[in-house]
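All remarks here apply to the structure that follows.
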Amino acid sequence: MDYMGKSMKKKLLISGLGGSLFPYLINHLEKKYELVLIDSNALVKKIYVDQNVIVVPLVSDERFENSILEIIKQNNVDFYIPLIDEEISKAITIAKKSGIKVLAPSEEFVNLTLNKYKLMKELEQNRISTIQTIIAEKYTNEISYPIFLKPNVGRGSRGIKRINTYDEFKAYFVLEEYNENEVLVQPFIPGDEYTVSVTVNNLNQLIAIVPKLVFNKDGITKHAKSVKNEKIEIVCKKIVDIFKPNGSFNVQLKLYNDQIFIFEINPRYSTTLVLSIESGINEIDLNIMNYDKKNVEYITDFKEMNLVRRWENFFYE
């Protein structure tokens, strides 16, 4: 506390309050930081009545940017943590205008990773990972079924379908709101699935890598375990060295026959951030403590822990 009795805690602006990271993330950050929490869903104010919750326009709304700028100004925010894919580029723009520090990768890395087709080609060109990837409008059954269809631009598991026949392939574009030039075709890859949290500061200094073996996933990871895996660690270090993200990200991959197949990179913290924290790697805290540092300690040791998610019932009048 300072002489005026006001808190000297750094203030964090965090989005996506309605997501699966909460309320766990609030409980693990509020002791050290003041939190300003935003979401476009007004219901979250009824759930988190004891928190500083602000309802904002959708990211696609033209009012979003000015709304965030005003929140930053009124609350004297120190760090902005965008947790929604389509928000990240706007957060970077807002940071440039306001002078706030944003915990997100560089604009170049964000643009690369959010374009899945371009990302697959760059990973292949740099001999990091190779997955046969075809734009759906050019697909002529050259990949054996089953296949996976996924939007080239999108987040989470939206629009991702396992397809077993050509008839199902054609039906996808009748049932889903996508054109064939907006969707990628990839082979089904067996093996173990991992979500990997890669903590990198704004000067591209690697802080930690936490692989999580996924046992059950339905949109978000329902059951996973943090594990040490040298092969995955080497590949993630290569991503940092080559693409220079200058910020934290997470990698979605399959490990099959001792070979790594990366099918997605998200330029933000994973929803399994909670598992990183329980394992001893608080990614947000580490990013803040190491912001603007040219030399950081690379953390190799963490506890192997399990995460199981469950539903919670909430009631209000």
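The values are calculated or read from the model by the stated rules, or taken from the named source; none is laboratory data. All values reported here derive from a predicted model rather than from experimental measurement. A quick note on method: Cβ atoms are made from the backbone with ideal geometry, for glycine too, and the neighbour counts reach across all protein chains shown. Note: accessible area is taken over every heavy atom of the protein model, side chains too, but ligands, DNA and RNA are not part of it. Shrake-Rupley method; radii C 1.70, N 1.55, O 1.52, S 1.80 Å.
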The one condition in (1) on the phi > 0 side of the Ramachandran plot; (2) in contact with a strand residue (DSSP E or B) (Cβ under 8 Å, 6 or more places away or on another chain) that Tyr139 fails to fulfil: (1)
The one condition in (1) touching a helix residue (DSSP H, G or I) at 6+ places or on another chain (Cβ under 8 Å); (2) in contact (Cβ under 8 Å) with a residue 40 or more places away in the chain; (3) closer than 14 Å to Thr195 by Cβ that Asn282 fails to fulfil: (3)
Picking from Lys101, Lys150, the residue that is modelled with pLDDT of 95 or more and among the charged types (D, E, K, R) would be Lys101
Given the conditions (1) touching a Ser or Thr at 6+ places or on another chain (Cβ under 7 Å); (2) among the hydrophobic types (A, V, I, L, M, F, W, C); (3) modelled with pLDDT of 95 or more; (4) crowded, with 18+ Cβ neighbours inside 10 Å, and given that Leu69 satisfies all but one, which numbered condition is not satisfied? (4)
How many of the residues making up region 131-169 are more than 25 Å from Glu87 (Cα to Cα) and either open to solvent by 30 Å² or more (accessible area, probe 1.4 Å) or β-branched (Val, Ile, Thr) (or both)? 23
Considering only region 220-256, how many residues are in contact with a strand residue (DSSP E or B) (Cβ under 8 Å, 6 or more places away or on another chain), in contact (Cβ under 8 Å) with a residue 60 or more places away in the chain and among the aliphatic types (A, V, I, L, M)? 6
Kindly establish whether Val214 is open to solvent by 10 Å² or more (accessible area, probe 1.4 Å), in a strand (DSSP E or B) and hydrophobic (A, V, I, L, M, F, W, C). yes
Within region 89-130, residues being charged (D, E, K, R) and open to solvent by less than 60 Å² (accessible area, probe 1.4 Å) number 2
Taking the condition farther than 23 Å from Asn295 by Cα, open to solvent by 20 Å² or more (accessible area, probe 1.4 Å) and not aromatic (Phe, Trp, Tyr), does Asn266 pass? no
Those residues of region 1-40 which are at pLDDT 90 or above and small (Gly, Ala, Ser), in sequence order: Ser15, Gly16, Ser40
If you take the residues in region 25-66 that are of a type in the set (Ser, Thr, Tyr) and surrounded by 15 or more Cβ atoms within 10 Å (Cβ to Cβ), which one is farthest from Gly99 (Cα to Cα)? Tyr48
Which of the helices (runs of 4 or more DSSP H) found entirely inside region 220-317 contain at least 1 residues meeting this: among the small types (Gly, Ala, Ser) and under 24 Å from Tyr80 (Cα atoms)? 273-278
